[in-house]
1. With Ala181, Ala132 as the choices, which residue is within 30 Å of Val31 (Cβ to Cβ), crowded, with 19+ Cβ neighbours inside 10 Å and in contact with a helix residue (DSSP H, G or I) (Cβ under 9 Å, 6 or more places away or on another chain)?
2. Of the residues in segment 135-176, how many are in contact with a helix residue (DSSP H, G or I) (Cβ under 7 Å, 6 or more places away or on another chain) and within 30 Å of Ala25 (Cβ to Cβ)?
3. Out of Ser303, Ser262, I need the residue that is over 17 Å from Ala355 (Cα atoms), in contact (Cβ under 8 Å) with a residue 40 or more places away in the chain and not in a loop (DSSP other than H, G, I, E, B). Which one?
4. Check Tyr178, Tyr184, Tyr135 and return the single one that is among the aromatic types (Phe, Trp, Tyr) and in contact with a Gly (Cβ under 7 Å, 6 or more places away or on another chain).
5. Could you check segment 8-26 and list, in sequence order, the residues that are assigned to a loop (DSSP other than H, G, I, E, B) and either in contact (Cβ under 8 Å) with a residue 40 or more places away in the chain or within 19 Å of Ser103 (Cα to Cα) (or both)?
6. Taking segment 203-228 as the search range and keeping residues that are out of contact with any strand residue (DSSP E or B) (no Cβ under 6 Å at 6 or more places or on another chain) and among the aliphatic types (A, V, I, L, M), which one is farthest from the ligand (Cβ to nearest atom)?
7. Looking at (1) closer than 30 Å to Arg310 by Cβ; (2) outside any loop (DSSP other than H, G, I, E, B); (3) more than 16 Å from the ligand (Cβ to nearest atom), can you tell me which one Ala143 breaks?
8. So which of Val31, Val79, Val94, Val63 is among the β-branched types (Val, Ile, Thr) and over 19 Å from Thr316 (Cα atoms)?
Amino acid sequence: MNDPTLFEHTSRQLRNLCAEAGFPASDDTPVEMLGELLGTAGNRRLSEGPLWPSDVADDATPVEFSVALDDTGDRAVRVLGEVVAEKPSMSANVVAARRFLESMSERLGIPTERFEAVEDLFLPDDPQGKFAFWYSMIFRPDAAPKLKVYFNPGVRGEGRAAELVAEGFRRLGMEDAYDAATEYSVSRGELDKFTFFAVDLDDSPLSRVKLYISHFSATADVAVQASQAVDGLDRDGISEFCGLLGGSTESFDGRPLVSSYSFVEADPKRPGNYSLYLPIRDYVADDVEARSRVVSFLENRGSDAAGLDRSIRALTDRPLSDGRGLLAHVSLRLGQFGTGTTIYLSSEGYEVLSARSDARTAATSTHS
Ligand code: TRP
């Protein structure tokens, strides 16, 4: 298969990841859902290039994989994806993405009440920004797949993001969540920005609403400060995470650190969890360096570092020194709904980001 289609390429990666995570090989659901999400865009050959400049991944592949490692030892395989219409545009993609949800809801009984409560807010006729909505499909062995939607707070213009987020929480019965989430996280003006408003589409009591905030040009202390909204967290763990994964980085001036807060209906006044996302690809020379930092971090936490290599090899056999960004982000999850680490892995369907031969030398010289 020299020139696979987007679906062939990504479904092979997903099958391998699921096998690696211990899913029964007979379970075709993840791949079938991926096929529905990609729609006709999935039939396009990779050599034809991306149909739509999706911001899901740097090379415009409309999906990104992640492996979530819970500290309990459980793991989940997830796919972040953008539905791309046959004739894509911001509004055509929204129409196609709604169709995907209808189909998933019929097929898997995904409840859509929470989506319906906020859709007119976040899905205007003329969406602005880089995307209108994305999905995350969450797979665990022997469990029904779950779906989460990501909305863009800037979809009616950046100037209205705060208003949309506050109203979104209100519609979901979480009046006080906006104040709780912004108390420690948006003190730096334009440098702190609402990035995603995400809603779990399930009706369990632990179904979450999450707010993501990007911190541009931030130090680890900005994240430690943002985490204050959640009581009783291991704040040293946050500094350690930034130190081990950022290398010699003091101020994260490339792609931003991102904070997220999770709220559940049972306790809508305070976030139960805090997560921090670090776009490691902007702070390494290549994936060799990214991998070794992630391995140190996982070993330090007592997590399964060998699993990382198996996940990497589920996606690609390219030498890690050939590029950068296969390891796109790493996140740390802290709080009462469970702690753990998530590794975000790029599909690299269209392109491998080039290594930065100068970066490692630069990082070394600041040490000497
Ligand atoms: N590609 C975008 C970015 O890096 C969006 C994105 C994809 C993202 N996966 C993510 C953002 C994980 C934060 C965390 O910003």
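1. Numbers: Ala181 fails: within 30 Å of Val31 (Cβ to Cβ).
Criteria check complete, one pass: Ala132.
2. The number of residues fulfilling the criteria is 7.
3. On the way: Ser303 fails: not in a loop (DSSP other than H, G, I, E, B).
Ser262 is the lone residue from the list that is over 17 Å from Ala355 (Cα atoms), in contact (Cβ under 8 Å) with a residue 40 or more places away in the chain and not in a loop (DSSP other than H, G, I, E, B).
4. Working: Tyr178 fails: in contact with a Gly (Cβ under 7 Å, 6 or more places away or on another chain); Tyr184 fails: in contact with a Gly (Cβ under 7 Å, 6 or more places away or on another chain).
Just one listed residue meets the conditions, Tyr135.
5. From segment 8-26, those assigned to a loop (DSSP other than H, G, I, E, B) are 21-26; that's our starting set.
Hits for segment 8-26 are Ala21, Gly22, Phe23, Pro24.
6. Quick first cut of segment 203-228, residues out of contact with any strand residue (DSSP E or B) (no Cβ under 6 Å at 6 or more places or on another chain) only: 203-205, 216-217, 219-221, 224-225, 228.
Remaining after also requiring among the aliphatic types (A, V, I, L, M): 220, 224.
Numbers: Ala220: 17, Val224: 19 Å.
Here the answer is Val224.
7. Status for Ala143: all satisfied but (2).
8. Details: Val31 fails: over 19 Å from Thr316 (Cα atoms); Val79 fails: over 19 Å from Thr316 (Cα atoms); Val63 fails: over 19 Å from Thr316 (Cα atoms).
Answer to the selection: Val94.
The values are calculated or read from the model by the stated rules, or taken from the named source; none is laboratory data. Computed from a prediction, not measured in an experiment: that's the story for all the values here. Here Cβ is always computed from backbone atoms with ideal geometry, including for glycine, and neighbour counts include all displayed protein chains. Side chains included, ligands, DNA and RNA excluded: accessible areas come from the protein's heavy atoms. Shrake-Rupley method; radii C 1.70, N 1.55, O 1.52, S 1.80 Å.
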